[in-house]
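Quick notes on the structure that follows.
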Amino acid sequence: MKRTILASLLLACAVHAHAAPKTAALSPAAVKAAKYAVTTYRLEVVKTLAGLVSFNTVADPKIPSDQDPQHIAFKNYLKTETSRLGFDFADHGWVVVIGMGKGEERVGIVTHGDVQPVDPSKWKKSPFVLDQTSEPGKLLARGAEDDKGPIATALYAMKALKDQQLPLSKRIELYVYMGEESNWQPLVDFLKTHEPPQMNITLDAEYPAVVAEKASGTIAVTFPKAGAVVAPAGEPHIAAFGGGFFGSQIPEDASATIANATPEIEAQVRARGAQQEGMRYEFTRKGSDLEVRAHGVSAHSSKPEDGVNAVAMLADALAVRPWPNTTAGAAVNYLNELVGTGLYGEKFGAIAYRDSFMGPMTVAPTVIRQKEEGIEVSINLRRPRGKSIEQITSEAKAAIDGWQSRNLALANVTVRTGEPWQRLDAPQLPVLMNVFSYFTGMKDPKPVAIGGGTNSRLFPNAVSFGPGMPGQVYTGHSEHEFITLKQLLLNLQMYTAVLAELAK
Ligand SMILES: [Zn+2]
């Protein structure tokens, strides 16, 4: 998954004031089961999480999940845990279903077992070892928050209900999908023949509940070598520009080479970079070339406010003069003219807009790829309701056309986006609000909208419930992913209570 700004939370209160049904008191059995879960399983839930993160379940583009040895090993571990805890287990290839109890009516828990790519050099320990010591109170690992923490928590929430022998009328099913971060099609296909539970909670975003998700999208263009300006001998120009890691991560690293960089240009770039908050630069002289390395802060691309975009910031630091449109220079000029350091597409023609509940569209350059034919700049969009796909596409293309007419012709111009999602009337919302309020002490919570997309979209009556707290930095997809022990145990209590209420 995700992203919410405090503003959207506050607006949510206004928008949903009428839609929030009055909640009843939490049942004593649900509270008792939650207390039991956290006192009995506080150590075991961490142990199981450590087991889950030890498998590198990043998608391998060459091997489908159901044939990927790491994914198969992960599922085997889950199977062992499942039988130890006393649940039934069905491996459907890309999807695992862990079930407890019987009943025509079912409550589903939607999670995923795959993770985003990771750069091990940025971690104190291996990202596939649960690091409990480097930062006291934090459990660091790839997947700790997104989305293996929620899997471990859900397993012990179910176990607590089983131990407590709560009389449940509904069967509980935990879905673990293995392609959420890379490919939703196998899940779409699976659900054509597999009847999912009538009601579902997705544990892949944030509290108190997520009832709307922005659509993601991409604006990609290539600055071709053919047709680019060749700088005259001795003239300062941008000779190289690169950065970013994957499309849904705000980039932490970027680099550029300025050829024939005069001391004056170096001083100007240093001064401009020094004024940027959250950025760190390294400068290396190589003869007449100046290499610039930029370091920002990675984040989930649906929450650009949580990070500092090294690509956008480096382009801005270089904006000390008009650069000739060499391949790399054109990429820098394009970023400065159409994106800048704003987060909302303010400079990209007329594309910027916002929705009072879902918040603003975010526009973040995330990956600069060096290709045979030139340099590709890929911008990640997260857009709320309020514009059609046709409108956003034509507005983006108009801005790109304008830039081309002033500069040079681009190749492979691609504008792609989907539809935002909302489900404002899920029947379990009063229970979710009630449980969240009881365990956090937050009065009168209201559902929110986020920038990320989750598998809630594919399941009936599904909305997200955690694992992140509203208004806090979401660390999934970043190079500093963690869940605090406190949050993990709070989640354990809330998931236990919610399942007790929804399945009774
Ligand atoms: Zn996720």
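The values are calculated or read from the model by the stated rules, or taken from the named source; none is laboratory data. All values derive from a computational prediction rather than experimental measurement. All Cβ positions, even for glycine, are placed from backbone atoms using ideal geometry, and neighbour counts span all protein chains on display. For the accessible areas, the whole protein counts, side chains as well, though only heavy atoms, and no ligand, DNA or RNA atoms are used. Shrake-Rupley method; radii C 1.70, N 1.55, O 1.52, S 1.80 Å.
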Residue 499 in a helix (DSSP H, G or I), of a type outside the set (Val, Ile, Thr) and either under 15 Å from residue 200 (Cβ atoms) or within 16 Å of the ligand (Cβ to nearest atom) (or both): yes
Total residues in region 303-338, condition surrounded by fewer than 23 Cβ atoms within 10 Å (Cβ to Cβ), closer than 20 Å to residue 225 by Cα and out of contact with any helix residue (DSSP H, G or I) (no Cβ under 8 Å at 6 or more places or on another chain): 1
Residues satisfying the stated conditions in region 396-455, i.e. away from the ligand (no atom under 16 Å from the Cβ), under 21 Å from residue 363 (Cβ atoms), part of a loop (DSSP other than H, G, I, E, B) and in contact with a strand residue (DSSP E or B) (Cβ under 8 Å, 6 or more places away or on another chain): 410, 418, 419, 420
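Conditions tested, residue by residue: (1) within 22 Å of residue 408 (Cβ to Cβ); (2) part of a loop (DSSP other than H, G, I, E, B); (3) at pLDDT 95 or above.
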position	(1), (2), (3)
267	no, no, yes
284	no, no, yes
293	no, no, yes
314	yes, no, yes
328	yes, no, yes
334	yes, no, yes
342	no, yes, yes
346	no, yes, yes
350	no, yes, yes
Boolean, residue 126 is open to solvent by 10 Å² or more (accessible area, probe 1.4 Å), under 28 Å from residue 480 (Cα atoms) and part of a helix (DSSP H, G or I): no
Which numbered condition residue 254 fails, given (1) over 19 Å from the mean Cα position of the chain (by Cα); (2) surrounded by fewer than 15 Cβ atoms within 10 Å (Cβ to Cβ); (3) closer than 25 Å to residue 381 by Cβ: (2)
Given (1) more than 16 Å from the ligand (Cβ to nearest atom); (2) open to solvent by 20 Å² or more (accessible area, probe 1.4 Å); (3) under 30 Å from residue 462 (Cβ atoms), number of the condition residue 244 does not satisfy: (3)
Filter result for residue 153 (in the same structural domain as residue 40 (by TED's automatic domain parsing), touching a strand residue (DSSP E or B) at 6+ places or on another chain (Cβ under 9 Å) and hydroxyl-bearing (Ser, Thr, Tyr)): yes
Subset tally (residues that are more than 16 Å from the ligand (Cβ to nearest atom) and in a helix (DSSP H, G or I)) for region 142-185: 10
Residues within region 456-479 that are farther than 26 Å from residue 194 by Cα and in a loop (DSSP other than H, G, I, E, B), tallied: 11
Unmet requirement for residue 349, which otherwise passes all of (1) in contact (Cβ under 8 Å) with a residue 40 or more places away in the chain; (2) within 22 Å of residue 388 (Cβ to Cβ); (3) under 26 Å from the mean Cα position of the chain (by Cα): (3)
Residue selected from region 232-241 under the condition open to solvent by 20 Å² or more (accessible area, probe 1.4 Å) and among the hydrophobic types (A, V, I, L, M, F, W, C), by the criterion farthest from the ligand (Cβ to nearest atom): 233
Whichever residue in region 170-228 is open to solvent by 10 Å² or more (accessible area, probe 1.4 Å) and among the polar types (S, T, N, Q) and, among such residues, is farthest from residue 374 (Cα to Cα): 198
